[in-house]
Amino acid sequence: MQITDYIADLLYRYECVVIPGFGAFLTQRKPAEINTETHAFYPPKKTISFNRQLKENDGLLANYIAKTEGISYEQSFQKIHAFIENILEALEKGEKVNLKKIGMFYTQADKILFQPEIHTNYLPEAFGTSSFIAAEINRNKKEIIAEKSVEKEVKTVAISTSAEEKTEIPEEKEKSISAFWKYAAVGVVAIGLGGLLTANWYSNKVKSHNIAAQEQAEKQIETEIQQATFSIEDPLPAVTFKVTAKRGKYHIVAGAFRNKENADVKLEELKEKGFHPIHIGKNKFGLHQIVYDSFEERNDAINQLNKIRQNDNPGAWLLVKEL
């Protein structure tokens, strides 16, 4: 396999893949999109960018090559070094360097620029999905005219049916019915007024009774409180809850140690310097890892990493892992 293939494999798993001495590829999640003008659907994906400032070796690429090919760490690092020399040599000649499934490097005004490859999606959750354009539904004039004619017929039938259902009522019958409803309305009003007055009288009675009962109960409670004495002979033991603070998945690694004693010494040293270190356990190589701090946002972690490399530890590197 080529170095390019190894980098592409790691981009599926990590958000930062450093090429020692050259720069780092960074990935960022992008949600699904719909273009309302072109009716195109784009699935969620990982976008790739390149940062020339992140050149420090974090061991990720070299260890992956060594483990995959069954070679030593030094041999894998030599392969990476040769890979970088080939890229720089081609760029000095004014050539464009195309990394398969990743993107293309080229120079402009003595600057190395990167153009990502847009057809490869490095988001594992979106595997197998692709963009597509929804076809527009075209309707001919005959279908529209037929639908309108059906709607008109339905409205005509409804109007004729309602007209047929109406019947004439004799004049005398109408007079008797209206007189009956007048007396009925007067009776309903009288009943409603009587019920309202009765309800108000009963509600006032209940309120006055409740107020008197509440005052009597409050007096009784005050008397009992004045006479009561409290003594706790056997207080309950204090309960202590140990809550672990949530940490982000971006960790700045201070070092990895074979012996746990050395890791503990490094942990205390970082605490004295004002950091918030933690022992995150062993990695796949059996080394105890100590981190300066953890962050929820990748940009915050990278900014802090640059400060630590300048002021405290040039060999610090970024680890992306859920604890």
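What to note about this one:
- Positions within the stretch 48-106 being in contact (Cβ under 8 Å) with a residue 12 or more places away in the chain, assigned to a loop (DSSP other than H, G, I, E, B) and not β-branched (Val, Ile, Thr), in sequence order: Arg52, Gln53, Leu54, Lys55, Glu56, Asn57, Asp58, Gly59, Gly94, Lys100, Lys101
- Matching residues in the stretch 303-323 - criterion: being in contact (Cβ under 8 Å) with a residue 40 or more places away in the chain and acidic (Asp, Glu): Glu322
- Odd one out for Gly281, checked against (1) at pLDDT 90 or above; (2) part of a strand (DSSP E or B): (1)
Residues are listed down the side, and each one gets a yes or a no for (1) in the same structural domain as Pro116 (by TED's automatic domain parsing); (2) farther than 30 Å from Lys30 by Cβ; (3) surrounded by 13 or more Cβ atoms within 10 Å (Cβ to Cβ):
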| residue | (1), (2), (3) |
| --- | --- |
| Leu54 | yes, no, yes |
| Asn57 | yes, no, yes |
| Lys67 | yes, yes, yes |
| Ile71 | yes, yes, yes |
| Glu74 | yes, yes, no |
| Ile80 | yes, no, yes |
| Leu88 | yes, yes, yes |
| Glu92 | yes, yes, no |
| Val97 | yes, no, yes |
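- Check on Ala263, in contact with a strand residue (DSSP E or B) (Cβ under 9 Å, 6 or more places away or on another chain), modelled with pLDDT of 85 or more, closer than 30 Å to Arg29 by Cβ and surrounded by 13 or more Cβ atoms within 10 Å (Cβ to Cβ): no
Let's see how each residue does on (1) in contact (Cβ under 8 Å) with a residue 40 or more places away in the chain; (2) surrounded by fewer than 12 Cβ atoms within 10 Å (Cβ to Cβ):
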site	(1), (2)
Glu269	no, no
Glu272	no, yes
Phe275	no, no
His279	no, no
Asn283	no, no
His288	no, no
Asp293	yes, no
Arg298	yes, no
Ala301	yes, no
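- Residue within the stretch 59-71 that is farther than 30 Å from Asp110 by Cα, among the polar types (S, T, N, Q) and more than 28 Å from the chain's Cα centre (by Cα) present: yes
The values are calculated or read from the model by the stated rules, or taken from the named source; none is laboratory data. Quick caveat: nothing in here was measured; it's all calculated off a predicted structure. Positions of Cβ are generated from backbone atoms using ideal geometry, with glycine treated the same way; all protein chains shown enter the neighbour counts.
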